[in-house]
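Have a look at the structure below before the remarks.
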Amino acid sequence: MSYPALFTTPGMRDFAEAVDAERQRQLAQFGDQHHPILRGLHSAALFEDMAQGLRAANDDPAQRCWMTILLEEAYEAGAEGDLTKFRAEVVQIAAVCQAIITDLDNVQRQGAHR
């Protein structure tokens, strides 16, 4: 599927198209699902502790990588009890995912590994 050129961030269009294709595959396989946002094993304090640990790692350039950044964002979202703020955290996760995909595509084009 092709989208109009409404994105200005490099790689965003390719990312959006890939996410849309994956979402269509999920809908075809599982149907339109609805689940609770947070429940069960969810503990805001646990998620905040895990986010804090990853913040410390991400402050050290020798330890920082895309996965620690992504996990920090996910744990920050899990620690959020306010749904409006939770949504903003999930948008941050999507933005980090887009940055990872763009970086990965660039690395693959260059034939390098990081």
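Taking only segment 48-82 into account, find how many residues are outside any helix (DSSP H, G or I) and within 16 Å of Ile100 (Cα to Cα).
First, the residues of segment 48-82 that are outside any helix (DSSP H, G or I): 59-65, 80-82.
Now narrow it down to the ones that are within 16 Å of Ile100 (Cα to Cα): 64-65.
Number of matching residues: 2.
Of the residues that make up segment 58-80, is at least one within 21 Å of Leu6 (Cα to Cα) and within 16 Å of the chain's Cα centre (by Cα)? Show your work before the answer.
Restricting attention to segment 58-80, the residues satisfying the condition of being within 21 Å of Leu6 (Cα to Cα) are none.
No, the conditions are met nowhere in segment 58-80.
Go through the residues of segment 39-48 one by one and say whether even a single one is within 29 Å of Ala16 (Cα to Cα), over 11 Å from the mean Cα position of the chain (by Cα) and crowded, with 17+ Cβ neighbours inside 10 Å.
yes
Here, each number is a calculation from the coordinates, and none is a lab measurement. Note that the coordinates shown come from a computational prediction; the quantities given were computed from them, not determined experimentally. Cβ: placed from backbone, ideal geometry, glycine included. Neighbour counts: every protein chain shown.
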